Amino acid sequence: MSRVAIVTGGTRGIGEAISIRLKDMGMTVAANYAGNDVKAGEFTARTGIRAYKWNVADHEACQEAVTRIAGELGPVEVLVNNAGITRDGTMLKMTYEMWKEVIDVNLGGCFNMAKAVFGGMRERGFGRIVNIGSINGQAGQYGQVNYAAAKSGIHGFTKALAQEGAKFGITVNAIAPGYIDTEMVAAVPRDVLDKIVAKIPVGRLGHAEEIARGVGFLCSDDAGFITGSTMSINGGQHMY
Ligand code: CAA
């Protein structure tokens, strides 16, 4: 039977590429999104992948969504925590709301979703959880104390949960993307982005599909001996 996968933030950007990749691998994918109904509708029409709307920062909503998806599609065996936002600004300009929103969505979302699926995975003796971290969680980034803290937190979260899941057949890994040609990166001021790209040894931005291929591998049955690891996919920008 086809494995059921949830991809948070799965209708746009890197998440869209991950949803498509997992579907192409034969999984039944539920793509979560938070707000953009138009993009989600287009995504479903284009890919045939069902989209489900809820906010991953809302603990109760995550529990309800997982129950609903399990009822409609089957028990959730694969979770990709990809949903993420930026609210960039230097410390003097960053408000408490900018800090909290990013921590709640990017890091809180990982807890909320893992909490909702982990018990079932444990009972069934199989699970794949992949958390999308970031080069900026590994190396830090000027103007991103919120995002870097959340993404760095994801890397610690991954290693801790991997230890808890290992003896139950649940692997927990992270991917740390570098700068990928998505809308999120397109929002970085052009002059700032040019300087960043100049420091990428491969000499270009990455493509969402290049992240999705790594996620697909970590979600596959072939990756059963890989857990607690972070795969950096960043064109050589940060070798860690
Ligand atoms: N290192 C050192 N100094 C820097 C710097 C850096 N990386 N970036 C900017 N500065 C300096 C500038 O030179 C400037 O100095 P002066 O005033 O002496 O000239 C000062 O900081 C202010 O810079 P800005 O004019 O850029 O300030 P701002 O308040 O308008 O904007 C900012 C600040 C929001 C951080 C803006 O620089 C920015 O958007 N930077 C990009 C942040 C970034 O990389 N975000 C990644 C988003 S994509 C993502 O996060 C996905 C992923 O996982 C990779």
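Readers should treat all values here as calculations from the given coordinates under stated rules, not as data from a laboratory. Computed from a prediction, not measured in an experiment: that's the story for all the values here. Positions of Cβ are backbone-derived with ideal geometry, glycine not excepted, and every protein chain shown enters the neighbour counts.
Determine one quarter of the surface area of the Cα convex hull of the range 4-233, which equals its mean projected area, and express it in nm² to one decimal.
12.1
What's the extension gain from Asp194 to Glu60 if we count 0.36 nm per residue and subtract their Cα-Cα distance? Mind showing how you got there, number by number?
Details: separation 134, 0.36 × 134 = 48.24 nm, distance 4.11 nm.
Result: 44.1 nm gained on full extension.
Enumerate the aspartates and glutamates that Lys195 could reach by cross-link, defined here as Cα to Cα under 16 Å, with residues fewer than 8 away along the same chain left out.
Asp181
With r as the distance between the Cβ atoms of Met91 and Ala223 and R0 = 35 Å, compute the FRET efficiency 1/(1 + (r/R0)^6) and round to 0.05.
0.35
Which value in nm describes the separation of the simple spin-label points at His207 and Lys39, placed 7 Å from the Cα toward the beta carbon?
A separation of 2.0 nm, rounded to one decimal place.
Enter the angle in degrees (range 0 to 90, nearest 10) between the Cα long axis of helix 208-219 and the first principal axis of the Cα atoms of the chain, meaning the one along which they spread out most.
Between the helix axis and the principal axis of the chain, the angle is about 40 degrees.
Treat the count of other C-beta atoms within 10 Å as a stand-in for reagent exposure and order Leu193, Leu79 from fewest to most.
Numbers: Leu193 15, Leu79 27.
In increasing order of surrounding Cβ atoms, one gets Leu193, Leu79.
Once you put a point 7 Å from the Cα of Glu183 and another 7 Å from the Cα of Ala160, both along the Cβ direction, what distance in nm separates them?
Output for this residue pair reads 3.2 nm.
Want the number for Ala139 to Met1: 0.36 nm per residue separation, take away the alpha-carbon distance, what's left?
So the chain would gain 45.6 nm between Ala139 and Met1.
Taking the 0 to 90 degree range and rounding to the nearest ten, how far is the long axis of helix 13-24 tilted relative to the main principal axis of the chain, both from C-alpha atoms?
Helix 13-24 sits at roughly 30 degrees to that axis.
For helix 109-124, what angle does its Cα long axis make with the longest principal axis of the chain, in degrees from 0 to 90 and rounded to 10?
Approximately 30 degrees, to the nearest 10.
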